[in-house]
Amino acid sequence: MSTPPPPHISGTDFVTLASRDLAASSEFFATTLGLRRSVYIADRHYSEFETGNLTLSVINAEGMGLEHHVSRNPVALHVDDVAAARTALEARGVEFAGEILDTGVCHMAFFHDPDGNAFMLHNRYAPRTTEG
């Protein structure tokens, strides 16, 4: 008996983030971060925001009969200038953890949404290298 080939996966459609207050989360993602909201269906407990290449699907997990778990691994949001974006978000009340991290190839600044989901502002300034 042969094993069927793996499926052809051509991308990632969305990442799910849990929220206990969908209206407050929607305000944060739309107004504070400035993301375009593409869906808001409160009675179905979800809202979606577009980042350009990935949709953030914000759900009230408990409203859907699921457990509420925040994402502790940061979603990296691309910006052209991490310092300028951080300053703009701080002016809107976003608190960052630590200083801007310079890894030698990128800048990162870490923060959380109101529910505690982890994010970072990210900009790669050096070419990506891959190991063969």
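Observations
- Filtered by the rule that a residue be at pLDDT 95 or above, loosely packed, with under 13 Cβ neighbours inside 10 Å and β-branched (V, I, T), region 10-66 gives T31, I41.
- Reported count of residues in region 98-115, each being in a loop (DSSP other than H, G, I, E, B), surrounded by 14 or more Cβ atoms within 10 Å (Cβ to Cβ) and of a type outside the set (D, E, K, R), is 1.
- Given (1) out of contact with any Phe, Trp or Tyr (no Cβ under 8 Å at 6 or more places or on another chain); (2) more than 19 Å from F110 (Cα to Cα), index of the condition I59 fails: (1)
- Residue that is nearest to D80 (Cα to Cα) [pool: residues in region 92-132 that are in contact with a helix residue (DSSP H, G or I) (Cβ under 6 Å, 6 or more places away or on another chain) and not hydrophobic (A, V, I, L, M, F, W, C)]: N123
Here's the yes/no breakdown for (1) closer than 18 Å to P114 by Cα; (2) of a type in the set (G, A, S):
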residue: A24; (1), (2): yes, yes
residue: V39; (1), (2): no, no
residue: I59; (1), (2): yes, no
residue: G65; (1), (2): no, yes
residue: V75; (1), (2): yes, no
residue: A83; (1), (2): no, yes
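To keep it simple, each residue is scored yes or no on (1) touching a residue at least 24 places away in the same chain (Cβ under 8 Å); (2) out of contact with any His (no Cβ under 9 Å at 6 or more places or on another chain).
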residue	(1), (2)
D43	no, yes
H68	yes, yes
A88	no, yes
V94	yes, no
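The values are calculated or read from the model by the stated rules, or taken from the named source; none is laboratory data. What you see is a predicted model; the values in this text were computed from it and never measured. Positions of Cβ are backbone-derived with ideal geometry, glycine not excepted, and every protein chain shown enters the neighbour counts.
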